[in-house]
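Chemist: What follows is a single structure, and I will ask about it in a moment.
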Amino acid sequence: ARSWLSISRVLFALLFILLAALYFIPFYWMFISALRDPDRIFADAGVFYPTAFNFSNYLRLFQERPFLQWFGNSLILTIAYAFVALVICTMGGYALAHYRFRGQNVIFLAALGSTMVPFYLLLIPLFLIMVNTRLIDTYPGVILPLAATPFGLFFMRQFMSGISSELLDAARVDGASEYRIFWSIILPLSKPAMGAMLILFSLDMWNNLLWPLIVMRSDSHFPLAVGIASMVNVYNPEYDLLMAASVLATLPMLILFLLFQRQFITAMTATGLLVEK
């Protein structure tokens, strides 16, 4: 029985290694394509080893495109959005998990029900609101309509439901205020969930193309996703610059995941949720 168990573990490990390798192939192809000459990107598409080490694509990217400006815009939007969304979802999740008030279940079900509404149906109303509030072509116009995410609220509520109410009652008996309980007890215990949400919120905004494309009007305010998309047009698609920009755009989120992977895995295990983004 033990030998069969060991064999099954080895087979599962090999299976997951194969799946990871298949998932990694597009990123590897993107990386080696960024080092190729423009006329060799598709000519050598089936060659999975570097045929050249040409870094001129990266140099041209910085010289011919405002890549650093796009990168800075994405960085500002991602940090601001992740912070605002994390504050809203953390406070909302705590209220729904440990407070009892009229309409609590209705609010929670309404938040969950909103996930079934396609975002495309909300584009025109949200755009009109941004126009009337004069938030077009501004950072708040991109961040605020997306900050209160139903998934983040649901995730934080599920995680915080596992925090013992007796612990909070004991703190109240000792004279701790509600703000002190939230700051000194809830937040430290919710670090795994907050780390997971930080990764997901950052990915959401960093890769967001549709809403920033609608809100932003000037090239100087374009985030990275919109700027990269502008490189591909009908008449002159610059795939060499596109590959180089895509490689550089992938690195920040990869580093972020490596920094918070322990909190991410812990939160996923604690809530029993399988997240697909």
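The values are calculated or read from the model by the stated rules, or taken from the named source; none is laboratory data. For clarity, every value in this text was computed on a predicted model and none was experimentally measured. Every residue, glycine as well, gets a Cβ built from its backbone with ideal geometry; the counts of neighbours run over all protein chains shown. Only protein heavy atoms, including side chains, enter the accessible area calculation; ligands, DNA and RNA are left aside. Shrake-Rupley method; radii C 1.70, N 1.55, O 1.52, S 1.80 Å.
Chemist: Condition first: buried (at least 19 other Cβ atoms within 10 Å of the Cβ) and modelled with pLDDT of 90 or more. Can you find one or more residues in the range 105-125 that meet it?
Modeler: The answer is no; no qualifying residue exists.
Chemist: Tell me, yes or no, whether the range 55-65 has at least one residue that is on the phi < 0 side of the Ramachandran plot and in contact with an Asp or Glu (Cβ under 7 Å, 6 or more places away or on another chain).
Modeler: Looking for residues that are on the phi < 0 side of the Ramachandran plot and in contact with an Asp or Glu (Cβ under 7 Å, 6 or more places away or on another chain), one finds at least one in the range 55-65, hence yes.
Chemist: So how many residues does the range 165-213 have that are open to solvent by less than 40 Å² (accessible area, probe 1.4 Å) and over 23 Å from residue 155 (Cβ atoms)?
Modeler: Total satisfying the criteria: 3.
Chemist: So is residue 31 in contact (Cβ under 8 Å) with a residue 60 or more places away in the chain and either in a helix (DSSP H, G or I) or of a type in the set (Val, Ile, Thr) (or both) or not?
Modeler: Here the answer is yes, as residue 31 does meet what is asked.
Chemist: Oh, and also: Return the residue satisfying two criteria in turn: it lies in the range 31-46 and is open to solvent by 30 Å² or more (accessible area, probe 1.4 Å) and within 17 Å of residue 58 (Cβ to Cβ), and of such residues it is modelled with the highest pLDDT.
Modeler: Among residues in the range 31-46 that are open to solvent by 30 Å² or more (accessible area, probe 1.4 Å) and within 17 Å of residue 58 (Cβ to Cβ), the one modelled with the highest pLDDT is 31.
Chemist: Let me ask you something else. Open to solvent by 50 Å² or more (accessible area, probe 1.4 Å), in contact (Cβ under 8 Å) with a residue 60 or more places away in the chain and either closer than 29 Å to residue 218 by Cα or acidic (Asp, Glu) (or both) - does that describe any residue in the range 48-60?
Modeler: The answer is yes; a qualifying residue exists.
Chemist: For the range 240-277: of the residues being modelled with pLDDT under 75 and either hydroxyl-bearing (Ser, Thr, Tyr) or touching an Asp or Glu at 6+ places or on another chain (Cβ under 9 Å) (or both), which is most open to solvent (accessible area, probe 1.4 Å)?
Modeler: 277
Chemist: Hey, can you tell me all the residues within the range 135-160 that are among the polar types (S, T, N, Q) and more than 20 Å from residue 198 (Cβ to Cβ)?
Modeler: 138
Chemist: Something else now. Among the residues of the range 216-239, write down those that are touching an Asp or Glu at 6+ places or on another chain (Cβ under 7 Å) and either over 20 Å from residue 72 (Cβ atoms) or surrounded by 17 or more Cβ atoms within 10 Å (Cβ to Cβ) (or both).
Modeler: 216, 221, 231
Chemist: A further question on this structure: If we only count helices (runs of 4 or more DSSP H) wholly inside the range 100-168, which ones have 2 or more residues that are over 25 Å from residue 75 (Cβ atoms) and touching a Ser or Thr at 6+ places or on another chain (Cβ under 7 Å)?
Modeler: Fully inside the range 100-168 and qualifying: 150-160.
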